[in-house]
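Nothing in this text is a laboratory measurement; each read-out follows from the coordinates by a stated rule. Quick caveat: nothing in here was measured; it's all calculated off a predicted structure. Here the Cβ positions follow ideal geometry from the backbone for every residue, glycine too, while neighbour counts run over all protein chains shown.
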Amino acid sequence: MPKPYFPEFSNGWPALVEALKSKKVAVIGHIRPDGDCMGSQVGLTRILNQLSIETTAVNRDPYPREITEFVGDTPVALGEAALNRSFDVAITVDCSAMDRIGEELATKVNTVYACIDHHITNPLFAEVNWVPKDAAATAEVIAGIAFDNGISIDPITAQALYVGIATDTGQFRYAATTQRVFDICGQLMEHGANPNTAAQSLYERQKKGRVELLKAYLNTLQFYMDDQLCIGQLTPAMFEAAGSERTDAEGFVDYARNVETVKIACILEEQPDGSTKGSLRAKESRYRVDQLAGYFGGGGHTCAAGFGHPDSPESFLPIFIEKTREHLQLVEQS
Ligand SMILES: [Mn+2]
């Protein structure tokens, strides 16, 4: 695929850099950060610092254990430090909406100058919005724009951006995995990204607690609608019994999604306050779980979405099954 990767946004890069000159910049990611969030924050923060713009990656929550090592010597303010950090300009990365940065940070940030993202439901809430909805990862957007502008990146930046793309594409399996993704990853490797060491850190250092949690989670899986819908459950008690933490459940929904007959998979997770968090996955993009999540006030991508609901999982379950039934009928008719 010929460059430029993102012509519609890359032309705006020089103006963005100009606007940030001599400002203190915060590159803010979403709560409960994942690989793409970390990779995008680390990547953009390092690129801006390289251009002598004082920039820090700011996140309400710390990064999960598996991805912390990719941060290297990047300036970060995470958790408590994020709330105390002062800055002039906010840029959000991988945030589908303003509230994804978390309530605590949102009260500090009045306006977001630039929003770089790839979520189909993004309402374009910043002054500058770089949100190509066909991109597989925010890290793909950042890497592409950097390469379009001839920026040379260091190996830590390249590896972090690579991790963002590798994780958000489900290791290059999801529908958004285009030739552009591979071209950009090839260019990231030229700059020092290493798929093998990345994969070892991401996938081959699982804690025993995660496997214990997985054992319990698999026992909760239930099938509905002629096995087209699979729902799993997680509770605070399960995390405690397994000696695991919230981030250990990352990817569990795929065990439900990967069943041959399943079109839509879901985890209903009981929150400490008794409410429900839903994580949705679709086998194909036409099943539009972003719309299904939207019925409950959530959003996301066509194949991966989420929502929160005030009811307990137990009382919400029949409501959810009924809505999914209606939704799938509409999809099949269209
Ligand atoms: Mn992402």
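Tell me the net charge near P4. Cut-off is 14 Å between Cβ atoms, P4 excluded, with +1 for each Lys or Arg and -1 for each Asp or Glu.
-2
What nm distance separates the two modelled labels at Q329 and T178, each placed 7 Å from Cα along Cα→Cβ?
3.6
Could you sort out which of K133/K283; K3/K133; K24/K277; K21/K108 sit more than 25 Å apart by Cα distance in this structure?
K24/K277
How big is the charge dipole of the range 135-290 about its Cα centre, in debye rounded to the nearest 20, if each Lys and Arg gets +1 on its Cβ and each Asp and Glu gets -1 on its Cβ?
240
Would you work out the relative contact order for the chain, in percent, from Cα pairs under 8 angstrom that are 6 or more residues apart?
Numbers: 645 pairs, mean separation 41.9, N = 334.
Computed over the chain, the figure is 13 percent.
Any idea what angle helix 155-168 forms with the longest principal axis of the chain, computed on alpha-carbon atoms, 0 to 90 degrees, nearest 10?
30
Which shape class, rounded, prolate or oblate, goes with the range 1-87 when its Cα gyration tensor gives a ≥ b ≥ c as root eigenvalues, a/c under 1.5 marks rounded, and past that a/b bigger than b/c marks prolate?
oblate
Which whole-Hz couplings ³J(HN,Hα) result when phi for each residue of the range 184-200 is put into the Karplus expression 6.51 cos²θ - 1.76 cosθ + 1.60, θ = phi - 60°, listed in order with x for Gly and Pro?
5, 5, x, 5, 5, 5, 4, 9, x, 5, 10, x, 5, 5, 4, 5, 4
Would you pull out the residues with amide H under 5 Å of L234's amide H, same chain only if 5 or more places away, H placed 1.01 Å from N?
Sorted by chain and number, the residues that satisfy this are L268, E269, E270.
Sum up the charges of everything whose Cβ sits under 13 Å from the Cβ of A139, counting Lys and Arg as +1 and Asp and Glu as -1, but leave A139 out.
-4
Testing the spin-label approximation: label points 7 Å from Cα along Cα→Cβ at D273 and D254. State their distance in nm.
Here the modelled spin labels are 3.1 nm apart.
Take every DSSP beta bridge with both residues inside the chain and express the antiparallel ones as a percent of the total, to the nearest 5.
Around 45 percent of the beta bridges assigned by DSSP in the chain are antiparallel ones.
Among rounded, prolate and oblate, which fits the range 194-295 when a ≥ b ≥ c are the square roots of the eigenvalues of its C-alpha gyration tensor, a/c under 1.5 means rounded, and a/b larger than b/c means prolate?
Note, shape of the range 194-295 comes out oblate.
Determine the shape class of the range 7-203: with a ≥ b ≥ c the square roots of the Cα gyration tensor eigenvalues, call it rounded for a/c under 1.5, and otherwise prolate if a/b is greater than b/c, oblate otherwise.
It comes out rounded by the Cα gyration axes.
Less than 9 Å Cβ to Cβ from Q206, Lys/Arg counted +1 and Asp/Glu -1: what total charge do the surrounding residues give? Each step should come with its number before you reach the end.
Numbers: positive: R205, K207, K208, R210; negative: E66, E204, D248.
Summing Lys/Arg as +1 and Asp/Glu as -1 gives +1.
Quick one: dipole size for the chain, taken about the Cα centre, charges +1 on Lys/Arg Cβ and -1 on Asp/Glu Cβ, in debye to the nearest 20.
With only Lys, Arg, Asp and Glu charged at Cβ, the dipole is about 260 debye.
Please give the peptides 179-192, 214-227 ranked by average Cβ packing (other Cβ atoms within 10 Å per residue), highest first, as a rough proxy for protection.
179-192, 214-227
Give me a comma-separated list of calculated 3J(HN,Hα) values for the range 104-110, in order, Karplus coefficients 6.51, -1.76, 1.60 applied at θ = phi - 60°, integers in Hz, x for any Gly or Pro.
Each residue's phi maps through the Karplus curve to give 4, 6, 4, 5, 7, 9, 7 Hz.
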